[in-house]
Amino acid sequence: MKKTVALHNLGCKVNAYELEAIQQLLEDRGYEIVPFAPGADVYIINTCTVTNIADRKSRQMLHKAKKMNPDAVVVACGCYVQAAGEKLEEDTAIDLIIGNNKKKDLVDILENFLAEREDGGKPSDAECKSFLVDMTHNREYETLSISKTAEHTRAFLKVQDGCNQFCTYCIIPYARGRVRSRRQSDVVEEVKRLAEAGYQEVVLTGIHLSSYGLDFPEGEKETLLDLIRAVDAVDGIRRIRLGSLEPGIITEEFAEAIAAMPKVCPHFHLSLQSGSNGTLKRMNRKYTAEEYKHKCDLLRKVYGNPALTTDVIVGFPQESEEEFEESRAFVEDIHFFETHIFKYSRREGTRAAAMTGQIPEQEKTKRSHVLLELDERRRQEYMEGFLGKELEVLMEEEVEIDGVHYWTGHTREYLRVAVLSEENLMNQMVLVTPARIHGKDCLM
């Protein structure tokens, strides 16, 4: 009888991509994918460790899975697993621990475990319980691929893994390892398969996307720009988006090159973290606020009015009132479309965790609210600038708004747009001239 598997993802788009690839490997072996609800034979949770909250959510989902079916096999994989290491073996809710760079082997590991269980044998810890690789020395890019995604119009593609930056607050280089890049030819083949399946938009993602190709040997060097050009040449793909970028990759040459490719969407997430140079230095970020602003200016020079989004951490150790005000004023001055605000999370094993001057949680919350209010105001201002203009929208789903059925999709700038239509507009490019804003984030 076919075994049933329930999947749950926590964290970033790279994690989501990896779990979709695991799902396809399971389906290819005859497993039935079912909702994350009571009754499944196997539960696989792809965990995240970017913050303490992510760790807690990972533990909660693992325990929830075991409660839903105490006889099920609970598989923990991903970054929380990698960072926590073998101490997770003490958690009785978990049957299999599979670290990063072992996800491609998950189905084989699972089948061996199930076979031994059905034979009445008890798998040994060394062989069947914990499968972890030392990511600090691993240089292998883990090959996973997809031919379809949960979305029907837009496909996320993982093209890079790992990070060499070691920002003082970040645990991810320890969980994901050093920079490892996927071969351009492999990426292009996957993009072609997705185009043939009807996808019109692809998003290139990675843990540190800007570092794509840095690990390739001399004589075989390829850059992110080379990869974008190769994807741009694939017939059937009409839009290319880029995942989070480091400011350093934005040069005049890079900006002009991507602007010359009409498929590349004018939507860029440039990671900021702070607008104060003092805070940026303590974070070990590799730029100043002034240099960051210059990168935004370069993109606006070639695109006019691109959607610029960012991340900001509030309450980093020793962040004074003056530094926070510098950061707030900088964010206000840049006029981001969206700002994702995070309260600093103390991660054991990072340099920032050992710093003096840790900020009280109450103060972090207060600073977060200040930036959230600014974010809402700036988002509305940016959206208002598109009212009355003809926009190209890739339609994605039918939804109900105030009791009325609409089709919604996104513009090239990633603005959400709703359209009244009795036709099935799924995966169609439609020209729309919005007249108003509904709620906080939808043009109509």
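Only the coordinates and a few stated rules stand behind these numbers; no lab work does. Model, not experiment: these values are computed from the prediction. As a convention, Cβ positions derive from the backbone with ideal geometry for all residues, glycine included, and neighbour counts pool all protein chains shown.
For the chain, dividing the convex hull volume of the Cα atoms by the residue count gives 165 Å³ per residue. Counting only residues at least eight positions apart within a chain, or on another chain, the aspartates and glutamates with an alpha carbon under 16 Å from that of Lys389 are Glu381, Glu413. Normalising by residue count, the range 391-443 has a Cα convex hull of 73 Å³ per residue. Loop-resident trypsin sites (Lys or Arg not before Pro) (DSSP state other than H, G, I, E or B) in the range 408-444 with no more than 16 further Cβ atoms inside 10 Å of their Cβ: Arg436, Lys440.
Within the straight-line cut-off of under 16 Å between alpha carbons, the aspartates and glutamates reachable from Lys148 are Glu18, Glu20, Glu27, Asp28, Asp186, Glu189, Glu190, Glu196, Glu201, Glu396, sequence neighbours fewer than 8 places apart in one chain being disregarded. Dividing the C-alpha radius of gyration of the range 4-131 by 2.2 N^0.38 Å, with N its residue count, gives 0.96. Taking a point 7 Å from the Cα of Val188 along the Cα-to-Cβ direction, the residues of the range 226-262 with backbone N closer than 12 Å to it are 226-235. The listed peptides 159-172, 350-363, 386-399, 319-332, ordered by packing as a protection proxy, come out as 159-172, 319-332, 386-399, 350-363 (highest mean of other Cβ atoms within 10 Å first). The mean sequence distance of close C-alpha pairs (under 8 Å, at least 6 residues apart), as a share of the length of the chain, puts its relative contact order at 10 percent. Sorting the segments 29-37, 279-287, 17-25, 364-372 by their mean number of nearby beta carbons within 10 angstrom, highest to lowest, gives 17-25, 279-287, 364-372, 29-37.
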